[in-house]
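The values are calculated or read from the model by the stated rules, or taken from the named source; none is laboratory data. From a predicted model like this one, the values you see are computed outputs, not experimental measurements. Positions of Cβ are generated from backbone atoms using ideal geometry, with glycine treated the same way; all protein chains shown enter the neighbour counts. Quick note on the areas: whole protein, heavy atoms, side chains included, nothing else; ligands and nucleic acids left out. Shrake-Rupley method; radii C 1.70, N 1.55, O 1.52, S 1.80 Å.
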Amino acid sequence: MIKKTFALALVGTALGATAAYGQDATLTIESWRNDDLSLWQEQIIPAFEAEHPGISVVFAPTAPTEYNAALNSKLEAGSAGDLITCRPFDASLALYDAGHLAGLDDIEAMSNFSDVAKSAWQTDDGSVTFCVPMASVIHGFIYNADAFAELGLEVPTTEDEFFAVLDAIKEDGSYIPMAMGTNDQWEAATMGYNNIGPNYWNGEEGRLALIAGEQSLTDEAWVAPYATLARWGEYLGDGFEAQTYPDSQNIFTLGRAAIYPAGSWEIAGFNSLADFEMGAFKPPVRSAGDTCYISDHTDIGIGMNAATDNPEAARTFLAWVASPEFASIFGNALPGFFPLSDAPVTLEDPLAQEFIGWRAECESTIRSTYQILSRGTPNLENETWGASVAAIRGTATPEELGAQLQEGLESWYEPQQ
Amino acid sequence: MTKRRFPWHIVVFMAPAFLVYTAVMIFPLFNTLRLALFTEIEQTRVFVGLQNFQTLFFDPIWSEQFWNALANNFWFFIIHMLVQNPIGIALAAMLSHPRLRFAALYRSAIFIPTILSFVIVGFAWKLILSPIWGIAPSMLDAIGLKSLFAPWLGREGSALTTLSLISVWQFVGIPMMLIYASLISIPEEILEASEVDGITGMSAFWKIKLPLILPSIGIISILTFVGNFNAFDLIYVAQGALAGPDFSTDILGTFMYRTFFGFQLQLGDPHMGSAIAGAMFAIILVGVCIYLFGIQTRLRRYQF
């Protein structure tokens, strides 16, 4: 009896839904970005609907921690929305492999994106792209401009200058040179190793060579960043070993530290907390004149549910997401999350504009451990956290760390064997 | 001659408890043990027998983590046994002293941390011990001992011991209450008789009271053992799932959680996770059996 009622209810909902689709198309977006609800409802969706009468869009986010599980069960049950916000790398790849996401290479506007931007939502061989890249985060260093002015410091561009600046701040003594702790571990890898590393392994060139098995983690390019990180230890504040991520954020925004190894996602929060001028500089190059590389890490994409009833409307929406107009709305509304399209975008937030400006000067890459290399056990990303912390604390030599990571990777990743 | 009726009422009254217990305890337990015998190959579940356990104990990558977690877990347990339980007994002995004033106040104050959530305890102690905002460094500074302060939670050598002591602080109320209860149930006549024989003060505690509360101490030890080997929350709250620094605070609970549910880019592996859960179950079972058959049967009990 209960089953029957339930089945009836299901049929009822399905009929109701079909009726609604009859006239105009309604697209529902699945997302974990519930923080962005008002942005979508007040800016993005009205802008789209004004241009495309007949298509209405509903943004239906779930809590971030529940998103993957909820989305999977909705897709299995056939009740998921038409458009799916894509997590980067393996989570979305699994959805494509299971036939839940449609290939999108035939959308013309996809050519607005670079290969790096698309790499998070492609099959391993790069033949099919299944999500439109929406946003990335860029790594670099945010500094207290007032403190720099007070101490008469210039923004460093090379590594020697960088350490000279740190020495000068340390000598003066009124600021902690750099705000970062090793208690939570991930900052050391994300804002440390993968922030400065691309300058060593030449960005994409090294990252792809590592995936192909042509380079190994014991090579100089992959070990040297640990040697540099080892020098950071003395410039972090007292007791950095037990300093957490929120501690570091607070130390910097309270004006007690001069430099903060950052990801661009900090911008909005720092703008509201810090009452001093802030600036940003990109990871210093090893010697003057070198090509600079930045970690421009793909974070959010959007794809189409393969089982949608409105494939045409969904494609129209995705093509619009790939357009410069969307990029401009999105980039300005969420400073620190940068649109990935090649079309130049001007951002009103000076700090965010500084970050995105580096794209013109430097080569972009993504974090080295995210694509393919963290599928096995031991997990390379997690191992890199521990290794970066060990480097900063000086508990292991860079060579030991490289050998240890390589051994772990070799144990399951064939191209490295 | 009437045939005795089958006692249906017993079945009926036991059924709810039995069903609930089976559904939420017995079934998941056996299903977890069953899950440990499978693995996933190309998205289908395959029976592999004891292969997961073989990986866990003999594969260098897994076994290193497992033995590290197990050794840390033993250290966690030893600290509780050496610090928490003696302090609990001492506190109970002092509280049961008839001339102690404000006993009820002390009793509640010491017991209150036990009812606090792990999240609050972990967070509060992280703040207290924080080298940046914590009151521990400034308090030590006030008495001129600043040089003794170190970022204890961030150092490999001290993090686990620090966390164990935090846990001791939280749970010292439990042995105290149990021992206190058995101390005050010792009849006055026995104590008076011993006084007549000239046993007073400290020796009354060692010679009369302690032997009488030994069974309670045994129960507390086994509760501590089970609790410590199932521990997870405090480590997770204070140090995260990677149990840093460099896995120095990793215990079986955090190792199991990380493996079962995955972490960051590491995907969850329910089968290996179940194997670890199975190993935890076996360790606890062995420990409890040693206690039940090796120790409890030898303890002498006294009827008052």
**Prompt:** Across 10 Å bins from 0, what is the distribution of all Cα-Cα pair distances for the protein assembly as shown, in whole percents?
**Reply:** 3, 12, 19, 21, 19, 13, 8, 4, 2, 0, 0
**Message:** Exceeding 31 Å between C-alpha atoms, which entries from my cross-link table qualify? They are B:LYS126/B:LYS207; A:LYS74/B:LYS126; A:LYS170/B:LYS126.
**Reply:** B:LYS126/B:LYS207; A:LYS74/B:LYS126
**Complete:** For chain A, the percent of accessible surface on carbon and sulfur atoms (probe 1.4 angstrom, ligands and nucleic acids excluded) is 51
**Complete:** PRE zone check, label point 7 Å out along Cα-to-Cβ of B:PHE18, amide N under 17 Å, scope the stretch B:34-56, hits none
**Request:** Select from A:GLY289, A:GLY197, A:GLY78 the residue whose mean-square fluctuation is largest in a Gaussian network model of chain A (Cα-Cα springs shorter than 10 Å).
**Result:** A:GLY289
**Asked** Per-residue mean of other chain beta-carbon atoms within 10 angstrom of the beta-carbon, peptide A:234-242?
**Response** 6
**Whole-angstrom gap from the stretch A:172-205 to the stretch A:310-381, using each part's C-alpha centre** = 21
**Asked** Taking amide hydrogens as modeled 1.01 Å from N in the peptide plane, which residues meet the under 5 Å criterion relative to A:MET178, leaving out close sequence neighbours?
**Response** A:GLY237, A:ALA258, A:ILE259
**Complete:** Over all viewing directions the Cα convex hull of the stretch B:45-298 casts an average projected area in nm² of 18.2
**Prompt:** Once the Cβ-Cβ distance between B:GLN264 and B:SER108 is put in as r, and R0 is 41 Å, what FRET efficiency do you end up with, to the nearest 0.05?
**Reply:** 0.45
**Request:** Please list, in chain and number order, the residues 5+ apart from A:GLN371 or on another chain whose amide H is under 5 Å from its amide H, with Hs placed from the backbone.
**Result:** none
**Fill in**
The rounded separation in angstrom of the Cα centers of the stretch A:50-112 and the stretch A:223-252 is 38
**Complete:** At the level of C-alpha centres, the distance separating the stretch B:164-231 and the stretch B:70-148, in angstrom, is 19
**Request:** If a cysteine in the protein assembly as shown has no other Cys Cβ under 4.7 Å from its own Cβ, put it on the list, ordered by number.
**Result:** B:CYS289
**Request:** Read phi for every residue in the stretch B:149-160 and hand back ³J(HN,Hα) as whole Hz from Karplus 6.51 cos²θ - 1.76 cosθ + 1.60, θ = phi - 60°, with x for Gly and Pro.
**Result:** 6, 9, x, 4, 6, x, 9, 4, x, 10, 4, 5
**Message:** As an exercise, use a Förster radius of 22 Å and the Cβ-Cβ distance of A:SER411 and A:GLU220 to find the FRET efficiency, rounded to the nearest 0.05.
**Reply:** 0.45
**Prompt:** Highest GNM mean-square fluctuation, chain B, Cα pairs closer than 10 Å: which of B:MET272, B:MET176, B:MET25?
**Reply:** B:MET25
**Item:** At R0 = 51 Å, FRET efficiency that the Cβ-Cβ distance of A:ALA168 and A:ALA94 yields, to 0.05
**Value:** 0.55
**Prompt:** Excluding ligands, DNA and RNA, what is the solvent-accessible area per residue of the stretch B:13-78 at a probe of 1.4 Å, expressed in Å²?
**Reply:** 71
**Request:** Return the percentage of antiparallel bridges among DSSP beta bridges fully within the protein assembly as shown, rounded to the nearest 5 %.
**Result:** 65
**Request:** Would you calculate, for chain A, the mean residue ellipticity at 222 nm contributed by helices, counting each DSSP H stretch of 4 or more residues as -39,500 (n - 2.57) and dividing by all residues, to the nearest 500?
**Result:** -12500 deg cm²/dmol
**Asked** Who wins for biggest fluctuation among A:ALA25, A:ALA50, A:ALA390 in a Gaussian network model of chain A, springs between alpha carbons below 10 Å?
**Response** A:ALA50
**Request:** Starting from the amide H of A:ALA262, placed 1.01 Å from N in the peptide plane, find each other amide H under 5 Å away whose residue is 5 or more places distant or on another chain.
**Result:** A:GLY140, A:PHE141, A:ILE142
**Request:** For B:ALA136 and B:LYS207, calculate 0.36 nm times their separation in residues minus their Cα-Cα distance, and state this gained length in nm to one decimal.
**Result:** 21.5 nm
**Fill in**
Between the modelled labels at A:GLN353 and A:VAL58 (7 Å from Cα along Cα→Cβ) the distance in nm is 4.0
**Message:** If each DSSP helix of 4+ residues adds -39,500 (n - 2.57) and the sum is divided by the residues in chain B, what number results at 222 nm, nearest 500 deg cm²/dmol?
**Reply:** -19500 deg cm²/dmol
